[in-house]
1. Looking at 65, 75, can you tell me which residue is surrounded by 17 or more Cβ atoms within 10 Å (Cβ to Cβ), at pLDDT below 95 and either touching a helix residue (DSSP H, G or I) at 6+ places or on another chain (Cβ under 8 Å) or more than 15 Å from residue 149 (Cβ to Cβ) (or both)?
2. Here are some conditions: (1) at pLDDT below 95; (2) surrounded by fewer than 18 Cβ atoms within 10 Å (Cβ to Cβ); (3) in contact with a strand residue (DSSP E or B) (Cβ under 9 Å, 6 or more places away or on another chain); (4) closer than 26 Å to residue 62 by Cα. Residue 132 meets all but one. Which one does it not meet?
3. Please give the helices (runs of 4 or more DSSP H) falling wholly within region 52-161 in which 2 or more residues are within 15 Å of residue 30 (Cα to Cα).
4. Looking only at residues that are in contact with a helix residue (DSSP H, G or I) (Cβ under 9 Å, 6 or more places away or on another chain) and modelled with pLDDT under 90 in region 112-126, which one is nearest to residue 136 (Cα to Cα)?
5. So in region 47-62, with the set limited to residues that are out of contact with any strand residue (DSSP E or B) (no Cβ under 9 Å at 6 or more places or on another chain) and surrounded by 14 or more Cβ atoms within 10 Å (Cβ to Cβ), which one is modelled with the highest pLDDT?
6. Of all residues in region 1-29, count the ones that are closer than 21 Å to residue 95 by Cα, within 16 Å of the chain's Cα centre (by Cα) and assigned to a loop (DSSP other than H, G, I, E, B).
């Protein structure tokens with residue numbers, strides 16, 4: 001799956017460059033992997049404006065996610081993913097913001113709303129929000145979860161343009 005996902009991001013990045021679109025990410029559970037996959041392509045600086053890795057709740061709030069959203073809906077929610085996408089798009093004035101949050105493997109002792117294998121991600125394309133939820137079966141490693149989540153993001157992102 002890793003090779004397929006890397007190839008998918010190469011094509012996505014080329015398409016973003018070709019269309020003159022810019023993107024940014026605010027990643028929690030994928031820890032910056034999506035931004036990394038985008039930058040694996042030559043010329044990616046024309047497409048990726050920047051990225052945030054906001055692993056803690058505090059980091060999400062510091063980068064523009066309303067604390068009330070996390071308090072009211074939980075850090076692992078469609079609402080939080082949408083706010084992450086909005087916050088990063090605004091911060092970098094990008095065409096597309098990507099927010100992703102979720103729990104891989106074990107439950108998160110710091111967040112009682114965690115469900116192992118449940119991920120939420122969202123896109124903010126010039127103010128139009130799309131939100132997705134995915135449930136992953138048990139994987140051998142955290143990296144396997146990250147690659148699986150990144151692939152799901154790529155699958156949906158390519159439908160945006």
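The values are calculated or read from the model by the stated rules, or taken from the named source; none is laboratory data. Being a predicted model, the structure only gives us computed values, none of them experimental. Don't worry about glycine lacking a Cβ; one is built from the backbone with ideal geometry, like all the others, and counts go over all protein chains shown.
1. Exactly one of 65, 75 is surrounded by 17 or more Cβ atoms within 10 Å (Cβ to Cβ), at pLDDT below 95 and either touching a helix residue (DSSP H, G or I) at 6+ places or on another chain (Cβ under 8 Å) or more than 15 Å from residue 149 (Cβ to Cβ) (or both), namely 75.
2. (1)
3. 57-62, 78-92, 142-157
4. 117
5. Only one residue tops the list, namely 61.
6. 2
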